[in-house]
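Only one structure is covered here, and it is reproduced in the block below.
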Ligand code: OGA
Ligand code: MN
């Protein structure tokens, strides 16, 4: 795998990596996600954690399916890619990334996610956010862009959710939002975490 984008991640706090997934893997994950969705396995996504947890469609409209160890072979391929990323990062930066947790997400037409940052208030274990897009043939008129707000671009940078594309950033630092989509929008969103410090 080519890891040149790690330099951009370090310098700018985020990186957009096209063709992170081969087209056949992205397509397989898209099909798997749509099948699981049609089987009723997705649930309204929440904001907050534990007793803070609530589903608020006006803030966040996606439905998600959290991954566990028992997903299929195509999900294993994706996990293998992420393991390579984790190893490369740990080798270069000593961040001590420990595990990845994440979920499939589907935004139905008309849904969005308001501007936010990812870490939970009581928990700083999320170090890097990873979002990988699955929809083939995404068109401008489909909407659903991710907008990130790095300090270098306070007006926001729009990123189209194209199949195979990875967006990765430091979870604490980067406000971002999902604009209203006009088409079912599938992705895998997750976080590389460090071990929780006992307080
Ligand atoms: C999230 C999120 C962005 C996207 O799930 O926290 O910000 O582009 N997703 O799907
Ligand atoms: Mn987010």
So for each of 158-168, 4-14 I average, over its residues, the number of other beta carbons within 10 Å; can you give me the resulting order with the highest mean first?
158-168, 4-14
Once you place label points 7 Å from the Cα toward the Cβ at residue 139 and residue 153, how far apart are they in nm?
2.4
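Counting helices only, and only those DSSP H runs with n ≥ 4, report the 222 nm mean residue ellipticity of the chain as the sum of -39,500 (n - 2.57) divided by its residues, in deg cm²/dmol to the nearest 500.
Details: 3 runs with 45 residues, N = 199.
When only DSSP H runs of four or more count, the value is -7500 deg cm²/dmol.
For the range 110-199, take the convex hull of the Cα atoms, compute a quarter of its surface area, and give me that in nm², please. List each step's numbers first, then the result.
Working: hull surface 25.8 nm².
Averaged projected hull area, Cα only: 6.5 nm².
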5 Å binning of all Cα-Cα separations within the chain, expressed as whole percents from 0 upward
1, 7, 15, 21, 22, 19, 10, 3, 1, 0
Net lengthening on full extension, residue 76/residue 31 (0.36 nm per residue, minus Cα-Cα)
14.7 nm
Cα principal axis extents for the range 118-166, largest first, Å:
38, 25, 14
Bin width 5 Å, alpha-carbon pairs only: give the P(r) of the range 50-159 as whole percents, running from 0 to the bin holding the largest distance.
2, 8, 14, 19, 20, 21, 11, 4, 0
Which of 189, 111, 83 moves the most in a Gaussian network model of the chain with Cα springs under 10 Å?
83
Just to confirm my numbers, what's the Cα centroid distance between the range 53-130 and the range 159-184 in Å?
12
Shape of the range 1-91, Cα gyration tensor, a/c cut at 1.5
oblate
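Rule-based calculations on the coordinates, nothing more; no lab input. Since this is a predicted model, take the numbers as computed values, not measurements. FYI the Cβ positions are ideal-geometry reconstructions off the backbone, even for glycines, and counts take in every protein chain you see.
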